[in-house]
Amino acid sequence: MSKKIFVTKPFLPPLDEYVKILEKIWSSKNVTNNGPFHQKFELELAEYLDVEYVSLLNNATTALLVAIKALDLKGEIITTPYSFAATAHSIVWNGLKPVFVDTDSYAGNLNPVKVEAAINDKTGGIVAVHNYGIPGDVYALKNISKEYNLPIIYDAAPSMGVRFKGESIFSLGDLSIISFHATKVFTTLEGGAIISSSLEMKKKIDRFKNFAIIDQENISGLGINGKMNEAESALGLLQLKYIELNICKRNDIYDLYTKALKSNKNVRLLTFPKFLKYNYAYMPVFFNGGIVPRDKVYQALKEENIICRKYWYPLLTDHKFYKNSKINDLTNARKLSNSVLCLPIYPDLDKKNIDLIIHVIEKVLG
Ligand SMILES: Cc1ncc(COP(=O)(O)O)c(C=O)c1O
């Protein structure tokens, strides 16, 4: 039996390059708490992302928790059902109430018309996602945010390197968060960050992630341990050398799939306008026939040891934990959820396997 192929595989730099850096950390004994690699990675990441301020955290879930706290959101928070559990969990974990609103029918981003219709006097903010790393109607959301005075946090977990109309995707919204989990385009094994646009906000975030410690004898309130350590920060610095090359390789793979599948009437693929520099974090395919052909293809690929993922099926609102939340009409999100399959995509996925995946899909769909 051939080796299993998963939907993604982390890119790791040459081990000897990392070991050289680890030796420095070992001899300095400076392993965490805003050490030199942490400071350097924050600066270099801000430069790469083309943003003002970066606060590194130990993962994006903590980043979401801290971002909500830092903006002091209250009441009901409008969010999407078409995402990873961490998006909604971060709202509930902060003692707030998620209100689930429908997405667009294209890539699964929040539908601004539905967002506006869901606003009431209890609404305290919006946690939107750049689904698959792709921005939705961000200008309409910005107008809503201004008009109703509602802060927006962008869960941009998979958006490393994405640019939109010449700007960093991370310059949108009040705060953005990113994930460096092993499933992401850019990994520090575990890790995340919050992107902010004022020094005052960065300092607030940095305090929250460090137990709200002011100095040796004072804390300012409730905080958490959300710090990234030196080994992860050093890996992040090293990974920055490879990110653009990895995005190019992903782009090539995305193009191979697209070329083969774009004329197939049974599926819909996402295409990107010139003004979007995408990172090809995902290769979603939407099956026009819905759940039946989608699941047939999933199963047929699984029999070949190719493990795809149905991101995002089921909807968050279909989990028992969220069933009794405030849920609006979710027609578009449900249609996407019932039809999506994300195919394997990572820099060293070889052409032989891509051809096999395409062949299996075509065989099942006839
Ligand atoms: C949309 C989204 N938000 C949040 C997270 C949580 O990130 P982390 O694993 O770094 O906590 C993930 C994925 O891992 C994600 O896909």
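A few comments on the model shown:
- Label zone at GLU44 (point 7 Å along Cα-to-Cβ), backbone N below 16 Å, region 240-283: 240-246
- Cβ-Cβ FRET estimate between HIS359 and ASN120, R0 fixed at 56 Å, reported to 0.05: 0.65
- Mean-square fluctuations from a GNM of the chain, with a 10 angstrom spring cutoff on Cα atoms, peak among ILE219, ILE126, ILE195 at ILE219.
- Hits among aspartates and glutamates - C-alpha to C-alpha of LYS262 under 18 Å, sequence gap 8 or more where chains match: ASP252, ASP355, GLU362
- Rolling a 1.4 Å probe across the protein heavy atoms gives the chain an accessible surface of 47 Å² per residue.
- Residues ILE219 and ASN324, FRET efficiency given R0 of 41 Å [Cβ-Cβ distance, rounded to 0.05]: 0.70
- Pairs beyond 20 Å (Cα-Cα), from LYS29/LYS227; LYS184/LYS323; LYS114/LYS335: LYS184/LYS323
- Anisotropy class of the chain from Cα gyration tensor, a/c 1.5 cut: oblate
- Cα gyration tensor, region 1-138 - rounded (a/c under 1.5), prolate or oblate: prolate
- Centre-to-centre, using Cα atoms only, region 19-47 and region 228-262 are separated by 22 Å.
- Here the gap between LEU12 and ASN30, fully extended at 0.36 nm per residue and compared with their Cα-Cα distance, gives a gain of 4.2 nm.
- Peptide ranges 75-87, 313-325 listed from the most packed, as the mean C-beta count within 10 angstrom indicates: 75-87, 313-325
- DSSP-defined beta bridges in the chain - what % are antiparallel, rounded to 5: 55
- Portion, in percent, of the accessible area of region 186-269 that falls on carbon or sulfur, probe 1.4 Å: 54
- Measuring between their Cα centroids, region 272-310 and region 143-219 lie 28 Å from each other.
- Qualifying lysines (Cα of each under 16 Å from Cα of LYS351; at least 8 residues distant if same chain): LYS3, LYS4, LYS9, LYS249, LYS259
- Among ALA67, ALA260, ALA46: highest mean-square fluctuation, GNM of the chain, C-alpha pairs under 10 Å: ALA260
The values are calculated or read from the model by the stated rules, or taken from the named source; none is laboratory data. Only a predicted model underlies this, so the values are computations on that prediction, with no experimental measurement involved. Every residue, glycine among them, receives a Cβ derived from its backbone with ideal geometry; neighbour counts consider all protein chains shown. Heads up: the accessible areas ignore ligands, DNA and RNA and are worked out on the full protein's heavy atoms, side chains in. Shrake-Rupley method; radii C 1.70, N 1.55, O 1.52, S 1.80 Å.
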